[in-house]
Amino acid sequence: MHRMSGLAALALLASFDVASAADIEWSVANPFRFYRKESALAGHIKAYDAIVAGNGGVTPANIVERIERRLNDPDCTNKSSYTACAASAGANYERQRMGWAARSVGLDETCYGPVGVGGRYEYRAACSRETGAGFRSEDYINPKSHAVRARLGSALVAANSGKTCAWSWAALPGGQAIGARTAPCAEEILISDIPYPAGAHVIVRAADGGALLAQDNIVVHDLLVVGLGDSFASGEGNPDIPVLFHASRPMSYDGQPKNFPLRRTSPQVYTGDLSTNEGLTTFRRKRAVWTSRDCHRSQYSYQFRVALELALENRHRAVTLVHLACTGAEATEGLFGTKPAREPDEGGPQNVRGQFETLLDLVCVTRVGGKTARFDMAAPIHWGSPDTEPKTYFIKGCKDGKLKRNIDALMLSVGGNDIGFAALVGHSIMDSSGDLADVATLMELFTKQRMTFPPVPAYLSMLDARLLATRDAIARLLGVAPGKVVQTGYERMQVNENDALCSGARGMELHNKFGFRAERLATVDAYARDFFKRLACLSVGGANCPADVHGHTGFNFVTSHHPRFVGHGVCAAKAGEIADFVVPHENGGSFGPYAPDKYLPYAHKRRLFVSVDDAFMTANSHDERPNCSFWNQPCAWPTDKVQLGFAALYSGAFHRTAEAHAIVADEVLKVVRPQLEAVGK
């Protein structure tokens with residue numbers, strides 16, 4: 001270790017009397033490392049800074065929610081309806097209608113995406129990122145250095161007006177010189193090579209006489225933030241770029257009496273064109289865009305927003321995000337094992353790797369020679385049956401347990417699919433899968449799950465082994481103690497604005513077979529309450545827990561957001577929202593109650609969950625795989641009546657809205673921040 005002489009140490013201490021560390025102001029350039037381009041973060045920085053400035057310089061407790069509203073509230077003077085908003089639109093109406101994530105998605109913008117044509121979605125091992133002066137390739141998981149922008153404090157700038165300053169920086173702790181630059185004292189400079197994790201010592205002198213003006217140790221805290229789990233963590237229902245619709249032309253589905261909105265394409269294709277391969281290809285190209293289509297993962301996820309906020313609120317940080325949550329994931333098929341892709345690319349993989357396998361490949365120095373761990377759980381012999389069978393997974397860890405770096409924060413959402421979430425929704429809104437026989441037959445073949453079934457109490461106790469195995473995998477394979485894992489609870493979604501159970505068919509006009517079945521919904525609601533209680537008991541225990549709960553995970557279980565969701569369920573609406581709470585239909589050459597191209601997917605609404613109609617108007621998922629995979633015949637065309645049911649049920653209905661994810665993110669941050677502060681980050 002390098003040691004200073006006594007005189008040198010005294011000299012350095014004396015220099016700080018006239019050259020305080022506060023005299024150098026600095027921030028990490030392009031700190032959210034998921035983004036390649038600085039422009040992707042610019043809008044968030046501007047929104048954050050404006051909100052904090054308006055709050056007396058203090059970050060408000062609901063900062064993520066306020067940024068969400070600032071970036072996605074429609075630019076119009078009359079927000080009483082979609083039509084009124086469009087009629088009073090401002091210059092940024094269309095930009096904000098599309099949502100902020102539309103400007104920061106895709107391979108050009110991020111370090112994540114499909115590798116090759118039809119390839120698997122992956123984080124780039126090396127990613128070319130903009131760092132103030134062009135692009136440079138960085139190791140995504142474990143960067144060797146960071147670029148920072150530095151300047152003298154305002155008092156020193158004023159004292160040295162018109163003068164030139166000489167900057168130099170050397171590696172910590174040894175003092176090996178890295179670089180130097182001369183610039184006007186009033187200017188900000190870019191230091192492109194601050195070593196990570198050690199940092200650098202930066203000195204500023206007057207260029208004319210060498211007088212010491214300022215010095216500081218610049219050390220960047222790069223946080224590795226991981227997000228695992230299911231659709232409530234992936235951002236399902238909130239694509240990065242929503243589907244756009246033609247203003248006036250309809251689309252007809254075979255055998256359906258109503259004409260629905262037609263997806264906008266270029267060149268525009270109409271219903272008659274969709275019976276051709278060319279028309280079908282054009283139609284598919286304008287589907288919703290996701291950060292990861294195979295998992296319906298988007299930037300609106302609360303896990304993504306937590307990581308983003310951590311970069312915004314401390315400019316001495318960089319944040320490296322590994323977001324792997326996937327729609328449909330269970331603890332078994334999802335975390336530990338592969339699962340079917342929600343929406344694979346043409347020619348791409350039909351399955352998604354287990355999240356633990358993917359994460360270990362990213363963070364291990366090597367897995368070659370690593371020890372294999374065994375994890376035992378149970379699974380239904382078939383969905384809807386109370387009978388279970390053993391399910392065992394073997395996962396190879398890092399060799400000698402060595403990670404490239406430690407995980408600083410790990411977020412988790414799991415359990416809903418382990419008790420049959422999608423089937424319980426179907427049970428609540430359909431009398432039987434026969435109501436949508438064509439869709440049900442094909443989708444049950446595809447997903448290997450029944451489309452509807454009533455609550456199965458045995459699945460609640462089945463959760464115990466699954467959650468405990470998840471705890472063990474996180475601790476043994478990733479080195480993350482249970483107390484550092486932040487698990488989010490689910491919300492009660494099946495309520496109206498009065499917090500009473502939904503009734504009728506509000507928000508489900510897309511298909512006349514949909515509607516809330518009162519008796520079934522009450523049964524599912526009671527089951528959901530038992531499920532919520534069991535999840536909490538599995539985390540922290542308590543006096544009122546069921547006697548058959550087997551052990552505790554020790555995870556931080558977040559439910560503090562629940563009060564914000566009271567009266568904000570999937571069928572909730574303000575008086576002014578009810579008229580627009582439908583899919584518009586064409587009649588007599590025009591659409592009503594609003595034109596499809598005026599829908600506002602990310603505007604503030606009373607409901608904090610995506611309805612069936614919202615899902616159709618936002619993600620508009622169509623899929624031909626069931627027909628292609630299981631019948632030796634051409635794929636279903638977009639106009640097939642099967643597609644209408646698919647679009648209703650597989651576009652993200654009954655999931656959190658983007659605004660809801662922001663609310664959850666604010667509560668998760670209240671747990672994550674103290675964890676990071678406790679270790680000096």
When region 18-103 is reduced to its Cα atoms, the Kirkwood hydrodynamic radius in Å: 15.4
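Please compute the length gained on full extension between Gln268 and Ala526, using 0.36 nm multiplied by the number of residues separating them and subtracting their Cα-Cα distance. Intermediate values should be presented prior to the final figure.
On the way: separation 258, 0.36 × 258 = 92.88 nm, distance 4.78 nm.
The Gln268-Ala526 span can extend by a further 88.1 nm.
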Sulfur and carbon atoms: percent of accessible area, region 69-150 [1.4 Å]: 50
Region 540-611 - percent of accessible surface contributed by carbon and sulfur, probe 1.4 Å: 54
Tilt relative to the chain, helix 6-18 - C-alpha long axis, 0 to 90 degrees, to 10: 70
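Expressed in nm², what is the orientationally averaged projection area of the convex hull enclosing the Cα positions of region 493-577? Numbers along the way, then the final one.
On the way: hull surface 30.1 nm².
For the Cα atoms of region 493-577, the hull's average projected area reads 7.5 nm².
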Fully extended contour minus Cα-Cα distance, from Asn406 to Asn544, at 0.36 nm per residue: 46.1 nm
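Counting only Cα atoms, I'd like the Rg/Rh figure for region 638-681, Kirkwood definition for Rh.
Numbers: Rg = 19.0 Å, Rh = 13.6 Å.
Checking Rg against Rh, the ratio lands at 1.40.
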For region 87-120 and region 292-338, distance of Cα centres in Å: 17
Rg over Rh [alpha-carbon atoms, Kirkwood Rh] for region 60-172: 1.14
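Please compare each pair in Lys46/Lys144; Lys339/Lys670; Lys371/Lys404 to a cut-off of 25 Å on the Cα-Cα distance and tell me which ones are over it.
Values: Lys46/Lys144 28 Å; Lys339/Lys670 32 Å; Lys371/Lys404 17 Å.
Too far apart for the 25 Å limit: Lys46/Lys144; Lys339/Lys670.
In whole percent, and with a 1.4 Å probe on the protein chains, what portion of the accessible area of region 238-285 is carbon and sulfur?
Working: 1060 of 2230 Å².
Here carbon and sulfur together make up 47 percent of the probe-accessible area.
So what is the 222 nm mean residue ellipticity for the chain from helices alone, if each DSSP H run of at least 4 adds -39500 (n - 2.57) and you divide by all residues, rounding to the nearest 500 deg cm²/dmol?
Dividing the helical sum by the residues of the chain leaves -9000 deg cm²/dmol.
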Solvent-accessible area per residue, Å², over the chain with all protein chains present [probe radius 1.4 Å]: 39
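For the chain, what does the relative contact order come out to in percent, with C-alpha contacts under 8 Å and a separation of six or more? Before the final figure, lay out the partial values.
Numbers: 1437 pairs, mean separation 104.4, N = 681.
15 percent.
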Aspartates and glutamates with Cα under 15 Å of Lys513, excluding same-chain neighbours fewer than 8 positions away: Asp431, Asp435, Asp438, Asp613
Rounded Å value of the spacing that divides the Cα centres of region 145-160 and region 263-290: 53
Zero-based 5 Å bins, Cα pair distances in region 129-235, whole percents: 2, 11, 19, 18, 16, 12, 8, 5, 4, 3, 2, 1, 0
Arg181-Ser590 pseudo-label distance in nm [points 7 Å out on the Cα-to-Cβ vector]: 5.9
Compactness index (Cα Rg / 2.2 N^0.38 Å), the chain: 1.03
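The values are calculated or read from the model by the stated rules, or taken from the named source; none is laboratory data. Because the structure is predicted, anything quoted here is derived from the model rather than measured. Note that we place each Cβ from the backbone using ideal geometry, even for glycine, and neighbour counts take in every protein chain shown. Accessible surface is based on the protein model in full, side chains and every heavy atom, while ligands, DNA and RNA are left aside. Shrake-Rupley method; radii C 1.70, N 1.55, O 1.52, S 1.80 Å.
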